[in-house]
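Reading through the structure tokens given below for one structure.
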Amino acid sequence: MSTSTRESPSRLTGRSSQKKTSNAAASLTETPPRPSPPSSVSESTPAEQQSKRLGKVAQDLVVELLGKVSDDVKAEITSAGQEYALMEAMNVQIRDRYAEYELTAQNLVGFSSQLRSLYDEMEPYVKQIDEIERQVSEIETIAIELDAYTKRLESDLSRRKKKPS
């Protein structure tokens, strides 16, 4: 409780200092009140009432503050949970994508081995084709030589026919 509350309860209860002064003057002329016997119902002074009101306000503010802090903590936890859920979903998608990549890679390895075995089976035929191509090349060369030789022979023969011997 603040110092001003202890010093002037009248200010807290809404009384002005003038009324207090006039009440004090009136009480000097009157007989002092007798102390009341202790009773089961205790009457509280304005300062005590003010203190209770301030305590209640403080308690309400603390409850409100704790409620807001609780809401903030819940929001943070919810946000973190959502982020973890998003990361989990992303991990699942990435795992599935890598599983697809793995399957594709396995298929490529299988296809590569099939191509290798097919090439091994066809290699003797490829060698035969290469040999045939070499032979065809030789035959073409021989054919060109024969053609040239035939042309020379024809030209020699035609010259001899034109010349009378």
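The values are calculated or read from the model by the stated rules, or taken from the named source; none is laboratory data. Just so you know, these numbers come straight off a predicted model, no measurement behind them. Methodologically, a virtual Cβ is constructed for each residue, glycine included, from the backbone with ideal geometry; neighbour enumeration extends over all protein chains shown. These accessible areas exclude ligands, DNA and RNA; they are computed on the full protein's heavy atoms, side chains included. Shrake-Rupley method; radii C 1.70, N 1.55, O 1.52, S 1.80 Å.
Conditions tested, residue by residue: (1) open to solvent by less than 100 Å² (accessible area, probe 1.4 Å); (2) of a type in the set (S, T, N, Q); (3) touching a residue at least 40 places away in the same chain (Cβ under 8 Å).
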site	(1), (2), (3)
TYR84	no, no, no
MET90	yes, no, no
ILE132	yes, no, no
ILE139	no, no, no
ALA143	yes, no, no
SER155	yes, yes, no
Query raised in the report: Hey, any hits in the range 28-49 for a residue that's modelled with pLDDT under 85 and either among the aliphatic types (A, V, I, L, M) or within 42 Å of the chain's Cα centre (by Cα) (or both)?
Result: yes
Report task. Mind telling me which of the residues TYR125, TYR149 ends up being at pLDDT 95 or above and loosely packed, with under 10 Cβ neighbours inside 10 Å? Result -> TYR125
